[in-house]
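Below is one structure, written out as structure tokens; the observations come after it.
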Amino acid sequence: MIEFKQIHKSYRVAGHDVPALNGIDFQIGAGEIFGIIGHSGAGKSTLVRLINLLERPSAGQVIINGTDITALDAAGLRAQRQRIGMIFQHFNLLSSKTVAQNVAFPLALAGEHGKAQIKARVAALLARVGLTEHADKYPAQLSGGQKQRVGIARALATEPQILLCDEATSALDPQTTQAVLQLLADLNRELKLTIVLITHEMDVVRRIADRVAVLDAGQVAEIGPVAEVFLHPQHPTTRRFVLEAESVDEGEQVDDYAHVPGRIVRLTFTGDATYQPLLGAVARDAGVDFSILAGRIDRIKDTPYGQLTVAFTGGDVNAALQQLAARGLSIEEVRA
Amino acid sequence: MNALFANIDWSDIGQAGLDTLLMLGGSLLFTLLLGLPLGVLLFLTSKRQLLAQPVVYGLLSFVVNILRSVPFVILLIVMIPFTVFIAGTSLGVAGAIPPLVVGATPFFARLVETALREVDRGIIEATQAMGATTTQIVLRALLPEALPGILAGGTVTAITLVSYAAMSGVIGGGGLGDLAIRFGYQRFQTDVMVVTVLLLLILVQILQTIGDKLVIHFSRR
Ligand SMILES: Nc1ncnc2c1ncn2[C@@H]1O[C@H](COP(=O)(O)OP(=O)(O)OP(=O)(O)O)[C@@H](O)[C@H]1O
Ligand SMILES: [Mg+2]
């Protein structure tokens with residue numbers, strides 16, 4: 001539904017063309033929550049802003065539902081933009097308008113709706129995001145989480161099919177972030193809304209995204225289902241994100257294992273395997289001992305997963321690993 | 001009382017006060033009407049804004065700077081032929097208004113431009129993302145958001161106009177400034193000088209108070 005075709009984008013800074021995006025080429029499916037993660041300056045904002053053409057590509061096309069939006073005229077682009085909602089890190093609400101007026105704003109701009117119709121729609125949206133009693137307040141009187149809810153209600157006013165989120169939770173505390181992400185996930189399900197979410201926080205992607213693209217220096221370093229990308233990171237940037245999120249330092253970890261005897265592997269369980277007593281059973285069968293050095297059991301969106309770093313000693317370690325692999329675990333050698 | 005204000009003809013003062021108010025009202029009206037669009041145009045054509053037009057901006061900016069750097073007294077004199085052409089006279093209330101407007105409009109336009117610059121870029125961006133036209137962005141997002149700043153600018157402009165209007169007394173502009181110059185200064189009637197200056201002070205106080213109240217009323221931050 002959203003397709004980037006050979007996108008290049010450079011900014012002209014002091015007479016030089018500075019590249020921000022370099023050969024972006026992928027698709028985002030309808031109804032998907034698609035995460036784009038990358039470090040500061042990787043080009044995330046630039047990429048997401050191509051979707052509503054707040055930023056024009058220097059080369060390449062952006063195709064939405066079969067239409068090349070870079071070829072639209074001014075009126076066509078405005079109509080297209082009404083079908084794409086956007087929320088922002090700093091909310092960007094109009095401080096001179098009340099909550100209700102902010103939510104009504106896109107409808108008023110479109111000019112296709114009667115007063116009563118707008119009023120009903122605003123009431124429904126405010127009820128959906130839980131802000132009915134704040135309708136007549138001004139943004140300055142709201143908390144960050146409430147402001148972002150207003151932003152979401154406003155973005156949904158014109159019943160868009162796509163919602164763009166530029167660091168939408170970066171200015172919020174962890175609890176509020178959780179609540180806003182939950183709201184986004186619910187809206188995705190209820191409205192079949194396609195959500196494109198950019199962030200520099202792995203946790204955000206892990207909680208709600210279906211697929212993720214890791215952006216590095218203006219290029220897609222890695223792309224795929226969230227579980228696959230984060231459980232088996234290939235690119236150094238992805239690996240760094242994963243480690244950052246687990247607040248461990250790779251070098252430090254390997255040093256720590258220096259005096260641990262045996263063969264060290266990282267086992268990854270996903271789905272049902274996560275909760276089954278596989279490790280114990282296999283160890284008994286193969287006559288090996290194991291000690292768990294590190295690990296976490298968590299969920300990626302709705303999929304439970306476990307990742308354990310284990311040292312095996314004694315018995316037939318190879319047989320044990322083969323059995324584990326046969327049960328669908330993925331195995332990475334940390335130290336032979 | 002009468003001994004203290006021996007030279008004062010209160011009906012003269014009343015007339016002069018009224019003239020001052022008329023000059024202020026007339027010139028403020030035209031200054032706001034011309035300065036607001038000029039300020040918006042300055043803002044829109046400036047670098048990285050919606051209608052970025054370096055040449056247009058450079059030209060407008062140059063003209064504004066020239067008008068702002070000419071001392072008002074000089075502007076008054078230089079403009080006499082133009083004033084006669086527009087207002088039919090260069091004297092009295094009608095004759096004072098054109099130079100006042102020309103003197104104050106560039107000043108107010110700059111204040112409008114500055115107030116618009118204070119509006120968060122994100123607001124423009126969000127409105128653009130909703131599919132707004134440039135006109136809609138200006139009228140429905142930028143101006144309402146900048147309103148407190150524009151009102152503050154309007155207040156400063158009104159007060160500047162009070163002092164400009166007093167100066168126009170030099171070329172027979174009428175009003176309190178005229179009275180102060182003709183009687184207070186040229187005929188050494190200190191009491192006239194004191195009363196007119198006091199009245200001007202009161203006028204400035206009132207304008208500032210009204211302006212502040214308006215700014216507070218429209219500030220939602
Ligand atoms: N308007 C602009 N003019 C010039 N350079 C820009 C502009 N916008 C972005 N850039 C440059 O393009 C690159 C990508 O910027 P972008 O804002 O897309 O990064 P980002 O991944 O969103 O970073 P952050 O996490 O800090 O928001 C950066 O090197 C940035 O300096
Ligand atoms: Mg960014």
(request) Could you check B:Gly173 against (1) out of contact with any strand residue (DSSP E or B) (no Cβ under 9 Å at 6 or more places or on another chain); (2) assigned to a helix (DSSP H, G or I); (3) open to solvent by less than 70 Å² (accessible area, probe 1.4 Å) and say which number it fails? (result) (2)
(message) Looking at the structure I just gave you, is A:Ala120 within 10 Å of chain B (Cβ to nearest Cβ) and free of Cβ contacts under 8 Å to residues at least 24 places away in the same chain?
(response) no
(message) Between A:Asp17, A:Asp25, which is of a type in the set (D, E, K, R), in a strand (DSSP E or B) and closer than 26 Å to A:Ile208 by Cα?
(response) A:Asp25
(message) Within the range A:65-82, does at least one residue satisfy the condition of being part of a loop (DSSP other than H, G, I, E, B), under 26 Å from the mean Cα position of the chain (by Cα), at the interface with chain B (Cβ under 9 Å from one of its Cβ atoms) and not acidic (Asp, Glu)?
(response) no
(request) Being open to solvent by 20 Å² or more (accessible area, probe 1.4 Å) and assigned to a loop (DSSP other than H, G, I, E, B) is the filter here, so list the residues in the range A:206-228 that pass it. (result) A:Asp210, A:Ala217
(request) Could you pull out the residue among A:His8, A:His90 that is more than 9 Å from ligand 1 (Cβ to nearest atom) and in a loop (DSSP other than H, G, I, E, B)? (result) A:His90
(request) Could you list all residues from the range B:71-96 that are in a loop (DSSP other than H, G, I, E, B) and in contact (Cβ under 8 Å) with a residue 12 or more places away in the chain? (result) B:Met79, B:Ser90, B:Leu91
(message) Can you tell me how many residues within the range A:44-70 are open to solvent by 10 Å² or more (accessible area, probe 1.4 Å) and within 14 Å of ligand 2 (Cβ to nearest atom)?
(response) 6
(message) Tell me the residue from B:Thr83, B:Thr89, B:Thr105 that is open to solvent by less than 60 Å² (accessible area, probe 1.4 Å), within 16 Å of B:Gly35 (Cβ to Cβ) and not charged (D, E, K, R), please.
(response) B:Thr105
(message) Need the failing condition index for A:Met1 against (1) away from ligand 1 (no atom under 16 Å from the Cβ); (2) open to solvent by 40 Å² or more (accessible area, probe 1.4 Å); (3) within 16 Å of the chain's Cα centre (by Cα), just the number.
(response) (3)
(message) Among the residues in the range B:17-37, are any part of a helix (DSSP H, G or I), more than 21 Å from the chain's Cα centre (by Cα) and either farther than 30 Å from B:Val194 by Cβ or at pLDDT 95 or above (or both)?
(response) no
(message) I'd like to verify a number: residues in the range A:47-81 that are farther than 20 Å from A:Leu193 by Cβ and either more than 16 Å from ligand 1 (Cβ to nearest atom) or touching a residue at least 60 places away in the same chain (Cβ under 8 Å) (or both), how many?
(response) 11
(request) All but one of (1) within 26 Å of A:Gln182 (Cα to Cα); (2) assigned by TED's automatic domain parsing to the domain that holds A:Gln182; (3) without any contact (Cβ under 8 Å) to a residue 40 or more places away in the chain hold for A:Tyr275, so report the exception by its number. (result) (2)
(request) For residues that are within 7 Å of chain B (Cβ to nearest Cβ) and among the hydroxyl-bearing types (Ser, Thr, Tyr), scanning just the range A:83-105, find the one that is nearest to A:Val196 (Cα to Cα). (result) A:Ser95
(message) Looking only at the range A:186-205, count every residue that is away from ligand 1 (no atom under 16 Å from the Cβ), open to solvent by 10 Å² or more (accessible area, probe 1.4 Å) and in a helix (DSSP H, G or I) and tell me the total.
(response) 5
(request) Please work out which one of (1) closer than 21 Å to A:Arg207 by Cβ; (2) of a type in the set (D, E, K, R); (3) assigned to a strand (DSSP E or B) is the condition A:Arg266 fails and give its number. (result) (1)
(request) Can you give me the number of residues within the range A:11-43 that are open to solvent by less than 70 Å² (accessible area, probe 1.4 Å) and more than 10 Å from ligand 1 (Cβ to nearest atom)? (result) 12
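Each row is one residue, and each column tells you yes or no for (1) open to solvent by 50 Å² or more (accessible area, probe 1.4 Å); (2) of a type in the set (Lys, Arg).
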site: A:Ala258; (1), (2): yes, no
site: A:Asp272; (1), (2): yes, no
site: A:Asp285; (1), (2): yes, no
site: A:Ile292; (1), (2): yes, no
site: A:Arg296; (1), (2): yes, yes
site: A:Gln307; (1), (2): no, no
site: A:Phe312; (1), (2): no, no
site: A:Val317; (1), (2): no, no
site: A:Gln322; (1), (2): yes, no
(message) Of all residues being surrounded by fewer than 19 Cβ atoms within 10 Å (Cβ to Cβ) and in a helix (DSSP H, G or I) in the range B:116-135, which is nearest to the other protein chains (Cβ to nearest Cβ)? Just the residue, please.
(response) B:Gly122
(message) Residue under question is B:Leu142, and the condition is that it be open to solvent by 20 Å² or more (accessible area, probe 1.4 Å), of a type in the set (A, V, I, L, M), within 14 Å of another protein chain (Cβ to nearest Cβ) and assigned to a helix (DSSP H, G or I); does it hold?
(response) no
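The values are calculated or read from the model by the stated rules, or taken from the named source; none is laboratory data. Small disclaimer: the values here were computed from a predicted structure and weren't measured. Cβ coordinates were reconstructed from backbone atoms using ideal geometry, including for glycine residues, and neighbour counts include every protein chain displayed. Just so you know, the surface numbers come from the protein's heavy atoms only, side chains and all, with ligands and any DNA or RNA stripped out. Shrake-Rupley method; radii C 1.70, N 1.55, O 1.52, S 1.80 Å.
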